[in-house]
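This report refers to the structure that appears directly beneath it.
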Amino acid sequence: MPQVAQYKIALCQLPVTADKHGNIARARARIDAAAAAGAKLVVLPEIWNCPYAMETMPSYAEDIDGGRSPSVSMLSEVAAARKITIVGGSVPEMASGQLFNTCCVVGPDGEIKAKHRKLHLFGIDIPGDITFRESDTFTAGQEPTVVDTDVGRIGIGICHDIRFPELAMLYRSRGAHLICYPSAFNMSTGQLLWDLMQKSRAVDNQLFVATCSPARDPNSPSEFVVWGNSSLIAPFGEVLAAAGHEDATVIGEIDLSLVEAVRANLPLETQGRGDLYRLIDVQRERSS
Ligand SMILES: O=C(O)CCC(=O)C(=O)O
């Protein structure tokens, strides 16, 4: 059981520049400010320590397992100093010659509690609009991630992972009350789909969903301009907190008893017709 069932969560929608040390210092200051405002859980964006540009990504990569990661060291220091849990967005990770898009979850003791490598790499080709292929640069992770923290059991996905409802269903079946998706949606798919997908994952699985994006840079030299709009969604689909596209930290309140209440009021788990359709992995998890 989590030590706290009701708590404040902060989504730090950080601006990101090419200056890695500046990005780390800014993130630290924002996490500190969020903790001072009472947040027990702080979430950072996808790729917050460097620009979201595939050409330069390898030059920013860090060796997390080898303990040579200034970004993750900062997260450990500030989590321990403030006694908070941090879902540390993601940073480029180099391991065994492969590049991963990796999120570390750090506990109030400063230890890494989980490491999630983005499972679904973003690939899109809409001629005249957007063409992007993360798999040219990144290797996909192999493990879904559910982690027990002081603020409850959390499932982790990174950006494009949100598009795959099966992953969120698996996390629910493994007991998650909250799924955090550090993200960097883009202008093309963000406007139509960003809100919709967050609400869908929350409502289908009757849990909280938190997303955190970098702030939009309207003058970005990159063709990948981020959508922003970090949000906290409740299990019935209500928006509890939301940023615009600018540099901001938004703070929302999570009450885990709401998850149990919504599931009792509307018992989708028992109403489902597993006799007519089933997802083998989800089903296996539920019956074990
Ligand atoms: O799925 C999408 O539409 C956007 C995903 C994305 O931008 C990403 O995974 O970085």
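The values are calculated or read from the model by the stated rules, or taken from the named source; none is laboratory data. Fair warning: this is a prediction, and the values are worked out from it, not measured in the lab. Please note: Cβ atoms are built from the backbone with ideal geometry, for glycine as well, and neighbour counts cover all protein chains shown. To get the accessible areas, we keep the full protein, side chains included, count just its heavy atoms, and leave off ligands, DNA and RNA. Shrake-Rupley method; radii C 1.70, N 1.55, O 1.52, S 1.80 Å.
Filtering Ala10, Ala79, Ala34, Ala29 for residues that are within 20 Å of the chain's Cα centre (by Cα) and free of Cβ contacts under 8 Å to residues at least 24 places away in the same chain leaves a single hit, Ala29. For region 128-138, the criterion of being part of a loop (DSSP other than H, G, I, E, B), at pLDDT below 95 and within 16 Å of the ligand (Cβ to nearest atom) is met by at least one residue. Out of everything in region 33-70 that is among the β-branched types (Val, Ile, Thr) and open to solvent by less than 30 Å² (accessible area, probe 1.4 Å), what residue ends up being nearest to the ligand (Cβ to nearest atom)? Filtering first and then ranking leaves Ile47. Exactly one residue out of Asp125, Asp109 is outside any strand (DSSP E or B), among the acidic types (Asp, Glu) and open to solvent by 10 Å² or more (accessible area, probe 1.4 Å): that is Asp109. A residue that is within 16 Å of the ligand (Cβ to nearest atom), among the basic types (Lys, Arg), over 21 Å from Leu258 (Cβ atoms) and open to solvent by 10 Å² or more (accessible area, probe 1.4 Å) occurs somewhere in region 147-163. When the criteria are applied in full, Ile162 meets the requirement of being more than 19 Å from Glu269 (Cα to Cα), modelled with pLDDT of 95 or more and either more than 16 Å from the chain's Cα centre (by Cα) or not small (Gly, Ala, Ser) (or both). Considering region 12-32, and only residues there that are in contact with a Lys or Arg (Cβ under 8 Å, 6 or more places away or on another chain) and among the aliphatic types (A, V, I, L, M), the residue that is farthest from the ligand (Cβ to nearest atom) turns out to be Ile31. Of all residues in region 76-106, those that are hydroxyl-bearing (Ser, Thr, Tyr) and either open to solvent by 10 Å² or more (accessible area, probe 1.4 Å) or not in a strand (DSSP E or B) (or both) total 3. Each residue in region 164-197 was checked for being closer than 21 Å to Leu240 by Cα, within 16 Å of the ligand (Cβ to nearest atom) and not small (Gly, Ala, Ser), and 12 pass. Of the set (1) open to solvent by 10 Å² or more (accessible area, probe 1.4 Å); (2) within 25 Å of Ser222 (Cβ to Cβ), all apply to Ser73 but (2). In region 1-16, what count of residues is obtained for those that are at pLDDT 95 or above and surrounded by fewer than 22 Cβ atoms within 10 Å (Cβ to Cβ)? Final tally of qualifying residues: 4.
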